[in-house]
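The structure appears below as structure tokens.
The values are calculated or read from the model by the stated rules, or taken from the named source; none is laboratory data. What you are looking at is a predicted structure, and each value in this text was computed from that prediction instead of being measured. Glycine gets a Cβ as well: all are built from the backbone with ideal geometry, and neighbour counts include every protein chain shown. Please note that ligands, DNA and RNA were not included when accessible areas were found on the heavy atoms of the full protein model with its side chains. Shrake-Rupley method; radii C 1.70, N 1.55, O 1.52, S 1.80 Å.
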Amino acid sequence: MEATPVFARFLPKTTLLQLNAWHLDDTATLLTLHVNSTQQLVPCPVCAVFSSRVHSRYTRTLADLPWGVAHVRWQLRVRKFVCANAQCPRRIFAERLPDVVPPWARRTRRLAAWLIAIGLALGGAAGVRLSRHLGCTLSRQSLLRLIRRLPLAGDRTPRVLAVDDVALRTRQTYGTVLIDLERRQPVALWPDREAETLAPWLRAHPGVEVITRDRARAYADGARQGAPEATQVADRFHLLQNLVEALEQVFHTHRTALAAVNDAIRRQGVPLVDGTVAVAVPPPPPTGEEKTAQRRARRVECHHQVWALREQGWPGHAIAAHLGIGKSTVFRYLRSTPLPERTRRADRGRSILNPYKPYLIERWNAGCRDALRLYGELQRRGYPGSYPPVARYVQRLRQAQGQAPRPRLSRPSLPVVAEPRHPLLTARQAAWLVVRRAEPRDEAATQSLAQLRAQHVEVAEAINLAQDFAQLVRQQHPQELEPWLARAAKSAVGAFQRFAKGLRDDDDAIKAGVTLPWSNGPVEGQITRVKLLTRQMCGRASLARLERRFVLAPDREPGQRQRPLERSEVQAPSVAA
Ligand SMILES: [Zn+2]
């Protein structure tokens, strides 16, 4: 069929290509485009001298993006040229259209880009299913080959590099991730934690100036061998983690000290330094109504401020930033001069039980007080819900009549057991309690620490050493490191002598960690991504593919910047008290 100009405009590189004819098959599922190249002068791939002497022509069959419901196939007419350079070893060469299709490829570049995006987002099997749905049939192997052939962005050497380890298959294999800390982008992923892998990578990517790492020997050695001139930074989070490990050893050694503190906690009181136990009398918690009133007062105040700022001409987003509240709250407040009241949960009343309430009341008034039986009756009437709403409603009816709530069990009542208000401390939790920032520590935790100190001189010394170290790391006081190391080395606590010795071996990196702003914080999110990808790929993934999906698949929208994670702001995992 004759080509139409509109059709030709769908071709890539319309200056290089010409649509001669097209053909749609009878079922309208295969569109064949007859295309030929219009380049006049073509460079030889060996000597780059341009030639215009056509030797012969041949046809390449290529798949292109689908059009409507039809697959699109190109019959691309290309030529062979005679090299114009008499000295060139290549006499005849085929013309190339690098922007349109790679040499030898059987898909146009734009189709390949499409498939690669699908493959990176979904992986092999799911990628193939989606591609088929979108009209491109290809095998899982072909899709994976496309991804494997992608070059990694190895040309951009990061200036500040984070090295961290990651569990590839839960706890069995560990790998290493490299992250560009300035761009916050993944750079590489490999399946071991060896110096012998890190060093060659660094040699192949000269220009790394700062390397943040944990305190594993292998990364330190690898960095020294591969990039001797780079500054190594011991990551602050890992430093504190090592500190916690040393402290944990102390608490294991002095098991009795921790047991004494836990005894006091178990007796429901707050332990005191002299070993006696005072039962804490907390201020009476505000009643529900008081709390509601307090919250409302805060909202009224906030509403007032929003309007005051608006009257001074502040824009909404500035008001939100100034008052530290959400923009949507600001705009909601600005929609009405009186404070918009909240709908109370009870008034929302969308209980699944609503249509059945009249029946329940009727049965109740007829003398049926058994929630379970009523539930059965409701079910027979088509009630689709579960038992608890029915039980709650019956309880409310009971209260409305002024009856005492029914005891839950008819068994003889057991003595009342209360949860201890402060869960008992394990050695690890106690260690985090010491290392954690002082501000969020409550009264009980402070007391627990004081009592721990009171149990044994060595424990007290360890706690003091640990708190001083945590502080010098957090507040970045490198000049305090040397005196601290000397103190720890002379202390009576074996775990801290060893900890200090280990630090001294890694002295420069630790000083840098305490001085420089870099830390492995941003790595955390990337490690989570690796884990998600590994899980999604069911462990069957070859590492080459995992790495490409890790490094190349965008994990966020372009232009949207990830908020820096501050892992150095350590919060202990599930610390008691
Ligand atoms: Zn040539």
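Among residues that are more than 16 Å from the ligand (Cβ to nearest atom) and open to solvent by less than 60 Å² (accessible area, probe 1.4 Å), V128 is included. Only one entry of E482, E461 meets the criterion of being modelled with pLDDT of 90 or more, open to solvent by 60 Å² or more (accessible area, probe 1.4 Å) and over 36 Å from the mean Cα position of the chain (by Cα), and that entry is E461.
For region 62-97, a residue qualifies if it is within 16 Å of the ligand (Cβ to nearest atom), exposed (fewer than 15 other Cβ atoms within 10 Å of the Cβ) and either of a type in the set (S, T, N, Q) or within 48 Å of the chain's Cα centre (by Cα) (or both), and exactly one does: Q87. Taken as a whole, the structure places V493 among residues that are closer than 20 Å to W432 by Cα, of a type in the set (V, I, T) and either open to solvent by 70 Å² or more (accessible area, probe 1.4 Å) or modelled with pLDDT of 75 or more (or both).
Pick from region 33-48 the residues that are open to solvent by less than 60 Å² (accessible area, probe 1.4 Å) and closer than 17 Å to R77 by Cβ: which of them is farthest from the ligand (Cβ to nearest atom)? Residue satisfying both the conditions and the ranking: L33. Cβ separations smaller than 7 Å between residues 6+ apart or across chains give the following pairs from region 40-59 residues that are over 13 Å from A86 (Cα atoms) and of a type in the set (V, I, T) to residues that are away from the ligand (no atom under 11 Å from the Cβ) and part of a loop (DSSP other than H, G, I, E, B): V42/E95.
If you go through region 227-245 and pick out every residue that is open to solvent by 10 Å² or more (accessible area, probe 1.4 Å) and part of a helix (DSSP H, G or I), you end up with 6.
For D508, indicate whether it is in a helix (DSSP H, G or I), more than 15 Å from the chain's Cα centre (by Cα) and at pLDDT below 85. So D508 fits the description; yes.
The number of residues in region 49-61 being within 48 Å of the chain's Cα centre (by Cα) and either within 12 Å of the ligand (Cβ to nearest atom) or at positive phi (or both) comes to 0. Exactly one residue out of L134, L111, L152, L144 is modelled with pLDDT under 90, more than 16 Å from the ligand (Cβ to nearest atom) and surrounded by 17 or more Cβ atoms within 10 Å (Cβ to Cβ): that is L144.
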